[in-house]
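A short write-up of the structure that comes next.
The values are calculated or read from the model by the stated rules, or taken from the named source; none is laboratory data. For clarity, every value in this text was computed on a predicted model and none was experimentally measured. Positions of Cβ are backbone-derived with ideal geometry, glycine not excepted, and every protein chain shown enters the neighbour counts. Side chains are part of the model used for accessible areas, which takes the heavy atoms of the whole protein and leaves out ligands, DNA and RNA. Shrake-Rupley method; radii C 1.70, N 1.55, O 1.52, S 1.80 Å.
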Amino acid sequence: MSQENVETVARLYNECWGPCRLELVSEILHPDIVWTAIESAPDSGTRRGLAECRAYMSDWLESFDLELMPIEEARSAADGRLVCALHGVGTEKRTGLTTDIQFGAAFGFAPDGRLVEIHEYATHQEALEAVGLSE
């Protein structure tokens, strides 16, 4: 497993998205990025390209204050994708209610090291199975 890939994922959540520094998007996401949100989530769907992904992130930031997101586990698949167990916590700005979600995601990387694919799953196990790994 590439430590650089783990660091790229950590940068997405903890240097860019969480602290509202979306100017870093083009450093972390490849222009051909395809980001698929959790299928059962209210914001499900696939975003393509930097503009759509940045808008997706911005929508979240309009409604939530996001905490730093630790990568609880990371494993590499045979095809080079990185599968991570993630734990997100956000406070809804309007109500002050806290949302706490544990989920999994598979990340694909372009030759230049930027993220070219993000596919979120409701559970870490689903993410592992999607790339041919088991618990």
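Please report the antiparallel percentage of DSSP beta bridges with both residues in the chain, rounded to the nearest 5.
In the chain, approximately 85 percent of DSSP beta bridges are antiparallel ones.
Give the angle, between 0 and 90 degrees and rounded to the nearest 10, that separates the Cα long axis of helix 49-63 from the longest principal axis of the Cα atoms of the chain.
The angle comes out near 40 degrees.
Quick one: dipole size for the chain, taken about the Cα centre, charges +1 on Lys/Arg Cβ and -1 on Asp/Glu Cβ, in debye to the nearest 20. Let's see the in-between values first.
Details: 10 positive and 24 negative charges, 49 e Å.
Dipole of the chain, to the nearest 20 debye: 240 debye.
Based on the Cβ-Cβ distance of GLU73 and SER26, what FRET efficiency does E = 1/(1 + (r/R0)^6) give at R0 = 22 Å, to the nearest 0.05?
Working: r = 28 Å, r/R0 = 1.28.
Efficiency for this residue pair is about 0.20.
Quick one: ranking TRP17, TRP60 by accessible area, 1.4 Å probe, largest first, what do you get? If you can, show how the numbers build up before the last one.
On the way: TRP17 20, TRP60 80 Å².
If we order TRP17, TRP60 from most to least accessible, we get TRP60, TRP17.
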